[in-house]
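I have placed the structure first, in the form of structure tokens, so that the comments after it can refer back to it.
The values are calculated or read from the model by the stated rules, or taken from the named source; none is laboratory data. Here the structure is a predicted model, which is why all the values come from computation and not from measurement. Here Cβ is always computed from backbone atoms with ideal geometry, including for glycine, and neighbour counts include all displayed protein chains. Each accessible area value is taken on the protein alone, full model and side chains, heavy atoms only, with ligands, DNA and RNA left out. Shrake-Rupley method; radii C 1.70, N 1.55, O 1.52, S 1.80 Å.
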Amino acid sequence: MTPKVHEALVEVVSNDAANADYRLLHLAAPDHILDCKPGQFFQILCPETGAERPFLRRPMSIYGWDRAQGRLSFLYKVSGAGTRALAGLRPGDRIDVLGPLGRGFTLAPDWRRLLVLARGVGLATLAPLAAEAQRRGLALTAICSARTPELALSLDRFRAHGAEVRLVTDSDGTSDPARVRALIEDEIAGPGVDAVFTCGSRRLTSLLQEIAARHGLPGQIAMEQQMACGLGMCQCCVRPFRRDGRIVHDRVCREGPVFPLAEAIPEAAA
Amino acid sequence: MTPKVHEALVEVVSNDAANADYRLLHLAAPDHILDCKPGQFFQILCPETGAERPFLRRPMSIYGWDRAQGRLSFLYKVSGAGTRALAGLRPGDRIDVLGPLGRGFTLAPDWRRLLVLARGVGLATLAPLAAEAQRRGLALTAICSARTPELALSLDRFRAHGAEVRLVTDSDGTSDPARVRALIEDEIAGPGVDAVFTCGSRRLTSLLQEIAARHGLPGQIAMEQQMACGLGMCQCCVRPFRRDGRIVHDRVCREGPVFPLAEAIPEAAA
Amino acid sequence: MTDLTTRIGSLTLANPIMPASGTFSAELGEVFDLSCLGALVTKTVTEARRGGNPTPRVCEIEGGMLNSIGIPSKGIDAFLRDQVPLWRDVGAPLVVSISADTAEDFARAAEKMTVPGVAAIEANISCPNIEADGHAFAMLPDTTFEAIARIRAATHLPLWAKLSPNTGVLREVARAAEAAGADALVTTNTALGLAIDVRTRRPKLGNVTGGISGPALKPLALRMTWQAASSVAIPVIGCGGIATRDDVLEFLIAGASAVQVGTATFRSPALMPRLIREIEEWCDAQGVARLADLVGSLAPADPAPHDLVPEPQS
Amino acid sequence: MTDLTTRIGSLTLANPIMPASGTFSAELGEVFDLSCLGALVTKTVTEARRGGNPTPRVCEIEGGMLNSIGIPSKGIDAFLRDQVPLWRDVGAPLVVSISADTAEDFARAAEKMTVPGVAAIEANISCPNIEADGHAFAMLPDTTFEAIARIRAATHLPLWAKLSPNTGVLREVARAAEAAGADALVTTNTALGLAIDVRTRRPKLGNVTGGISGPALKPLALRMTWQAASSVAIPVIGCGGIATRDDVLEFLIAGASAVQVGTATFRSPALMPRLIREIEEWCDAQGVARLADLVGSLAPADPAPHDLVPEPQS
Ligand SMILES: Cc1cc2nc3c(=O)[nH]c(=O)nc-3n(C[C@H](O)[C@H](O)[C@H](O)COP(=O)(O)OP(=O)(O)OC[C@H]3O[C@@H](n4cnc5c(N)ncnc54)[C@H](O)[C@@H]3O)c2cc1C
Ligand SMILES: Cc1cc2nc3c(=O)[nH]c(=O)nc-3n(C[C@H](O)[C@H](O)[C@H](O)COP(=O)(O)OP(=O)(O)OC[C@H]3O[C@@H](n4cnc5c(N)ncnc54)[C@H](O)[C@@H]3O)c2cc1C
Ligand SMILES: Cc1cc2nc3c(=O)[nH]c(=O)nc-3n(C[C@H](O)[C@H](O)[C@H](O)COP(=O)(O)O)c2cc1C
Ligand SMILES: Cc1cc2nc3c(=O)[nH]c(=O)nc-3n(C[C@H](O)[C@H](O)[C@H](O)COP(=O)(O)O)c2cc1C
Ligand code: FES
Ligand code: FES
């Protein structure tokens, strides 16, 4: 096997709040770590600060990359030790990233119209699909769900890459399953959909699985699980999947994080 | 017991190199931790940096303090994890200090002429004696020993407080025991000496013990030992002393760090 | 306002926070008023005077320290004369830690310590620094039983048995201490460790090995606290690496009725009163009426639905 | 240039750095060329297919992690078919870790694994995650002896016994493994720990307890490496918390003939080749001609002259 995953010490270009919960981290990255695919991730060694000593690396979806400019970006929600430590990074600081890792989304050559259904941090994972779709000349509709309009992320990213964006929110009542179902069905009945994409949110996954199954549409889903190595060595990141009539356990870091939608077993409500 | 030792989070005013090995740390300190005596120390919680995670506090002699200005200063030699971490402090950073701790030097009311013999970081411990001597109108001669003239510390501090300074160095051969002995004997024979003071360096201690014993001079010595609590609780900082014809073990943090010179047992050569 | 009192056998403590033996002495009263503590636990005392171990006696490790203080002691007589009266005014119950080389000596020490002003005896049957290679009574159930039974017969005071993390049979040791009449268990003392100065190729401690304490010890001590609490009916007092409010809560949830704070006091001498305040605030905020409701409230793990199917990953 | 080779019984390794079982797989070849390693140690394999433990299987602790992966395995047949050929090209000796529920099953597994391409067998008699409460063969000398003796009879391959830090009788276990015919000891596997999520009051791991690894384990593992090396004549391989050059040196000085690097690879996947380079540079700079000169070179503690006088401090 020839080395293809790299550990690199990269410089922070900016690290600003994207909204009340999320921050956007731009890094100046060397070209050899920028051979990325939408849906892949990096393992980030979050810095040790006086208050936080995150020990394990944190998996983060690639939010954007640009080989010409040498840029790599992540969108993260400040929640625990690792992301609190990340939030303290200032331009000029350096962090250690490992990647790109995992299997990303795959686009079949005959697909023309893609539908993305995303919520929360899943938008970070799905945003790079819009750029890829645009590059290939595919149409993409993104149904973005959020608690409030202010918390909706990446709408501009999607639009900038030519995606049609539908924002649904809890605050105006448009995000409930029935309304989202209607939106998706309209999309399928109207312009048509060749494949659907989502992230691991339980409600959205169940909904989309059911719709896709009924219409015979292929789908892909990005999953999350606790990780230690991120490379496939430690077996800690397994999740159960339905495949060939039985339950199998795949490593999210290696066989995933993107899996066939039909195989996913939505997480139990927390 | 009423609380009198305080833990305080204090701001760094400056932290600059004093010479190739040593740095001088000035802190803006609240008045309640500034009731200090020469020879006392603080326990400093050195910051955790990416590279260093000093766990225990580090004892540091008080190099200077000024209640009017709210200043507290330490002089330290960058050697291991704790002092490397200290070296990274920038003005405006905050650190946690605990003190003042231990028993400092005591000056008998009838002493008029003091002699200080110091080398290395011991100069930091002994420098505040000069200020105290000046305040009390006592004469003080400081014999300062160093590898080279550039590494001699605190000469200006001593002079500013009216001390007579004699610099002896390895590089010009003036620091060898015979020469230093002659200097001290001259001082005793000439202007006269009422008490002698030194730090824990083995060679200087043996020399000064011998001279002081011969002349019947009282002396005091500041000792060092690994510390965990600094308050007298853990018993890790004991050292052996000769007292009343037997060996006793005292806690350097509590019964010391300043001890009667005659009781000290110079450390074995490393 | 939450009721922070906690019962350790016949003794009721005002709150669950107390110092760990050997990391506390009257000098801490220069930092805060010691009467706020749930109890006061002394450095281990032996009957006869004894020296400690050679220096260096401490060194740092990642997330903690090693110590090989040993048990320097001025002897029980000096303790009874100088220390016991000193503590009378503080108010918090005085727990005296004792050690001895034989079960018989342990009993005699306990008997001597049975005086007014002493609220309980903690039998340190687990010091890894006085016997070669870390051996101690608490390594095995039968030696534990013997020591505790002899002490039990010698004193009517509440008796706490301090256990060792170096044993491979913690549950059995815990049950032996209970069967021998201990009123409570303390889990745990330090784990035996080693650190080497690579430059000199010498051990960092004068006594070669030493006891691991501080955050690095916490997961081990927490596991043992949980194992002990689920093996005996008497109260368990957690100890090992506690440095934050959440650490205290973890031990309480795992089954500890109170906790001891050791090494953390070296980094933050005013930590214990802060923990008392923070635990009270947390309980108030969470609507926990009595501290006792927290003790042993560990919920089962919440496995993902299909994770129990024993199938290999592909 | 220093001779970095090290002898583990009849096997000579090019250098003392190898991965620890369960923290390494072929995928690491995407980060560096695996042929530089002293040996390759596989994740533990069992004879039959088996699933692992419920998720979450890992969590962080101060200075390390807990894992309760268990031993998910596709079985020995799949291993012989898919894995052994894969490693043939890498060059470094392949050490296969096996586990079983009985001594008999251990023997059968060892026999099956005795095929060309396998350089040694590591008997994982110490996994704390497969038996309730961390029990394992390596907790006691007699069960250790039985397992190792049965395996010894079933294979002519070099046999390494991986010991447990959870036992209170490490020296006795080490001697039992030697007496039963082990060619080397590995000290150690993970120590059993617990972590609780205070918010949910649930254990952080799906399997409740898990094994402590990483720097927090180092002083314990180093102590056991030193104890094992001074109890047996066969080589000892150090393992536990190794993350830096000085960590490797500490284990070698304590008596290890080689070391295994586990958790540190998760933080720094390219660490092992860096350690090989750094050890070589250090030995060159220090004038250490052969790595073997370092092994077991621990000097006595250097007590201050009067510290041995057993007098109490005042
Ligand atoms: C493939 C993948 C991609 C991800 N992409 C993003 C992203 O783009 N932006 C983002 O904000 N987060 C992302 N996450 C979650 C992220 O890895 C962090 O776990 C999360 O941000 C919380 O980390 P923390 O250190 O702040 O929290 P802590 O509470 O300190 O985390 C404790 C431990 O739990 C793990 N953990 C906590 N939440 C999750 C989770 N949802 N999934 C997996 N492990 C978790 C952490 O990695 C860590 O090991 C992704 C996770 C995976 C598996
Ligand atoms: C009363 C007292 C006053 C001191 N005053 C000063 C001072 O003014 N300036 C100064 O530079 N240093 C002083 N020291 C030494 C200081 O505490 C540090 O130990 C030393 O600076 C090295 O620390 P480090 O973290 O850089 O080294 P490390 O190698 O990381 O230290 C490791 C451990 O060894 C201990 N240690 C190392 N050297 C010594 C020593 N000489 N004495 C006691 N413990 C030691 C450290 O405290 C720490 O616990 C004093 C020590 C004592 C006991
Ligand atoms: C310096 C030091 C001295 C100790 N002395 C004793 C002792 O005399 N008796 C005892 O039972 N435990 C002693 N211990 C162990 C502590 O009481 C406690 O069990 C252990 O340190 C774990 O708790 P911690 O991690 O909070 O420190 C000592 C610990 C330290 C660090
Ligand atoms: C995720 C993980 C999985 C492990 N799996 C195994 C295993 O299958 N067999 C085994 O003998 N040890 C296993 N171990 C233990 C390691 O081999 C090693 O003994 C231990 O982690 C201590 O070393 P470290 O601190 O360098 O990780 C595992 C450790 C970890 C962290
Ligand atoms: S995180 Fe280690 S196998 Fe996936
Ligand atoms: S440092 Fe604890 S008694 Fe002196």
### Query
Within segment D:81-99, restricting attention to residues that are within 13 Å of another protein chain (Cβ to nearest Cβ) and assigned to a helix (DSSP H, G or I), which residue is farthest from ligand 2 (Cβ to nearest atom)?
D:ASP82
### Query
Does A:SER79 satisfy being part of a loop (DSSP other than H, G, I, E, B), surrounded by fewer than 18 Cβ atoms within 10 Å (Cβ to Cβ), of a type in the set (S, T, N, Q) and not assigned by the TED database to the domain that holds A:VAL121?
yes
### Message
Just checking, does segment D:66-78 include any residue being of a type outside the set (Gly, Ala, Ser), in contact with a Ser or Thr (Cβ under 7 Å, 6 or more places away or on another chain) and within 16 Å of ligand 1 (Cβ to nearest atom)?
### Response
yes
### Query
Can you tell me which residues in segment C:101-136 are modelled with pLDDT under 95 and buried (at least 24 other Cβ atoms within 10 Å of the Cβ)?
C:SER126, C:CYS127, C:PRO128, C:ASN129, C:GLY134, C:ALA136
### Query
What number of residues in segment A:202-246 are within 14 Å of another protein chain (Cβ to nearest Cβ) and free of Cβ contacts under 8 Å to residues at least 12 places away in the same chain?
7
### Task
Just give me the residues in segment D:213-235 being more than 8 Å from chain C (Cβ to nearest Cβ) and among the small types (Gly, Ala, Ser), in sequence order.
D:SER213, D:GLY214, D:ALA221, D:ALA228, D:ALA229, D:SER230, D:SER231, D:ALA233
### Message
Which of the numbered conditions does C:GLY210 fail, given that it passes all the others? Conditions: (1) at the interface with another protein chain (Cβ under 7 Å from one of its Cβ atoms); (2) under 18 Å from the mean Cα position of the chain (by Cα).
### Response
(1)
### Query
Tell me, which strands (runs of 3 or more DSSP E) wholly within segment D:174-250 include 2 or more residues that are open to solvent by 10 Å² or more (accessible area, probe 1.4 Å)?
D:209-213
### Query
Would you say A:PRO47 is within 14 Å of chain D (Cβ to nearest Cβ), crowded, with 16+ Cβ neighbours inside 10 Å and more than 27 Å from A:GLN220 (Cα to Cα)?
yes
### Task
Give the residue that is farthest from D:ARG201 (Cα to Cα), with candidates limited to residues of segment C:251-292 that are within 11 Å of another protein chain (Cβ to nearest Cβ) and open to solvent by 40 Å² or more (accessible area, probe 1.4 Å).
C:ARG267
### Qualifying positions in segment B:134-154 - surrounded by fewer than 23 Cβ atoms within 10 Å (Cβ to Cβ) and part of a loop (DSSP other than H, G, I, E, B)
B:ARG136, B:GLY137, B:LEU138, B:ARG147, B:THR148, B:ALA152
### Task
Among the residues of segment D:293-308, count how many are surrounded by 19 or more Cβ atoms within 10 Å (Cβ to Cβ) and either at pLDDT 95 or above or more than 7 Å from every other protein chain (Cβ to nearest Cβ) (or both).
3
### Query
Of these, A:ALA228, A:ALA189, A:ALA178, A:ALA222, which one is of a type outside the set (D, E, K, R), within 16 Å of ligand 5 (Cβ to nearest atom) and over 21 Å from A:PRO128 (Cα atoms)?
A:ALA228
### Query
Tell me, which strands (runs of 3 or more DSSP E) lie completely within segment C:1-80 with 1 or more residues that are surrounded by fewer than 20 Cβ atoms within 10 Å (Cβ to Cβ)?
C:6-8, C:11-13
### Summary
Result of the Cβ filter at 8 Å on segment A:5-26, keeping first residues that are away from chain D (no Cβ under 14 Å) and partners that are within 16 Å of ligand 5 (Cβ to nearest atom) and not in a loop (DSSP other than H, G, I, E, B), at least 6 apart or interchain, is A:VAL10/A:VAL97
### Task
From B:ASP110, B:ASP96, grab the single residue that is among the acidic types (Asp, Glu), within 16 Å of ligand 2 (Cβ to nearest atom), surrounded by fewer than 20 Cβ atoms within 10 Å (Cβ to Cβ) and farther than 19 Å from B:ALA17 by Cβ.
B:ASP96
### Query
Scanning segment C:36-51 for residues that are touching a helix residue (DSSP H, G or I) at 6+ places or on another chain (Cβ under 9 Å) and among the polar types (S, T, N, Q), which turns out farthest from C:GLY240 (Cα to Cα)?
C:THR46
### Message
Looking for something over 27 Å from A:ALA8 (Cβ atoms) and at the interface with another protein chain (Cβ under 7 Å from one of its Cβ atoms) - is there at least one such residue anywhere in segment D:20-42?
### Response
no
